[in-house]
Structure formats: C-alpha cells, structure tokens
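Scroll down for the structure; my scribbles are underneath it.
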Amino acid sequence: MSVTAIPNLTVRDFAPADETTVRDLVTAAFSSDREAKLVHTLRHCGALVLEQVAVDENGRIVGHVAYSRVTPAAIGPGQAMQIACLAPVSVWPEMQHKGIGTTLIRNSLEKLQEHGEDLVLVLGPPAYYPRFGFDAELAKKVQGPYAGAAFMALALNDACVRDLPIEVAFATPFEDFE
C-alpha cells in the first residue's frame, strides 16, 4: 500500500469550535458513534490531557487524536508518574493511509514529552503502534483492566521505567468499553 503525504498538513490543539467536526470524523473513522461518545465524555469530564487535530491546506480537519489521564492506583515509586492513554486516533476514511495518523501521533507524543508525561498507554493494533515505540512487553509491567498483545506502553523518559511495575486506573468513561 502506498502512502501519499498530505501537503501542508498542520497539527494544532483542539478548539471548542472543532467539536461537531471531530464528532463526525471519529464516528466516520470507526463506523460507529461509540468512540465519538467516549471522546465527548472524556472531554467534558475533564479527563483529556491532550487533544489535537490535523488540518489540511484548505483548513479542513482531516484527523484527530486524544489522550486521557491514567491514574497510578497504588502507593509506591510510580505514584507520581504522569500517565496518559492514547485513544482514539481518527482520520476520515477517504484520507486514511496518507500519513495523517502518523503525523498526529508523532507530534502529540513530542508534545506530551515536552509537558512532562512519563508513560503513554494504548490499546490498538499490534502491527501499527510499535512503529512509534509502543511495546507490549513494557505494558506487561502495567496492571489494569487491559492486557495482551494489543495493550502497549511507551516510556517517554528513562526514569519512569525504574518506577515500574505499577497498577493503574483508566478514566471512568472507559468502563463503558470493558
């Protein structure tokens, strides 16, 4: 499959005026409104750590990514760790396989690192996320409601690895996904 890059793609933080377009985009990307409802609920309960959109040269929102807070559940060295969950990343179906999702993920991971996040978790295709450094082996050191090859972790700094293993709790809206 060839990848056709989108010229002049810009990644920026989500703005309230983007809400309807992002809802439609996430619904279209997943062929269901479940993920869109999750994003909406996470946004409005204050659980999002970072939310960004990709905008093409015509100003059209073509992609979206959201990260929510994950809380260390146990007292110990990892209790001060800043942990985020990538969920979801969405691109309009007709725009997929053009590097938009990759651009969003790379840009947002850099921003999370700049803002002091220590660890990022994701539940997704094991063939996709390792290209960004996500690792199922590292995720085995994170105890929570998810496990298996699709549950992966990415350390954004070396210090967080020494504070593992850790038990975590995801934002309450994720309970509807279990």
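A few notes on this one:
- Simple label model, 7 Å out from Cα along Cβ direction - T21 to A149, nm: 3.8 nm
- Helix 19-30 axis, angle to the chain major axis (alpha carbon atoms, nearest 10°): 80 degrees
- Degrees, to the nearest 10: 34-44 long Cα axis against longest axis of the chain: 70 degrees
- C-alpha center-to-center spacing [the range 111-178, the range 49-94] in angstrom: 12 Å
- Counted by neighbouring Cβ atoms within 10 Å, the residues F14, F170, F132 run from fewest to most as F132, F14, F170.
- In this rough spin-label picture, where each label sits 7 Å from Cα along the Cβ direction, the K111-A127 distance is 2.9 nm.
- Helix axis angle, 100-114 relative to the chain longest principal axis, alpha carbon, degrees: 40 degrees
- With only the Cα atoms considered, the range 10-170 has a convex hull volume of 109 Å³ per residue.
- Across the range 26-178, the mean sequence separation of Cα contacts (distance under 8 Å, 6 or more residues apart), normalised by length, yields a relative contact order of 23 percent.
- Between D33 and V161, the simple spin-label model (points 7 angstrom out along Cα→Cβ) gives 4.4 nm.
- Size-normalised alpha-carbon gyration radius of the range 81-178, reference 2.2 N^0.38 Å: 1.07
- Estimated dipole of the chain in Debye, rounded to 20 [Cβ of Lys and Arg +1, of Asp and Glu -1, Cα centre]: 180 debye
- Packing-based exposure ordering (other Cβ within 10 Å, fewest first) of L48, L112: L48, L112
- Coordinate range of the alpha-carbon atoms in the range 19-105 per principal axis, descending: 48, 23, 20 Å.
Bear in mind that the values in this text are calculations on the coordinates, not laboratory data. Everything quoted here is computed from the prediction, not taken from an experiment. FYI the Cβ positions are ideal-geometry reconstructions off the backbone, even for glycines, and counts take in every protein chain you see.
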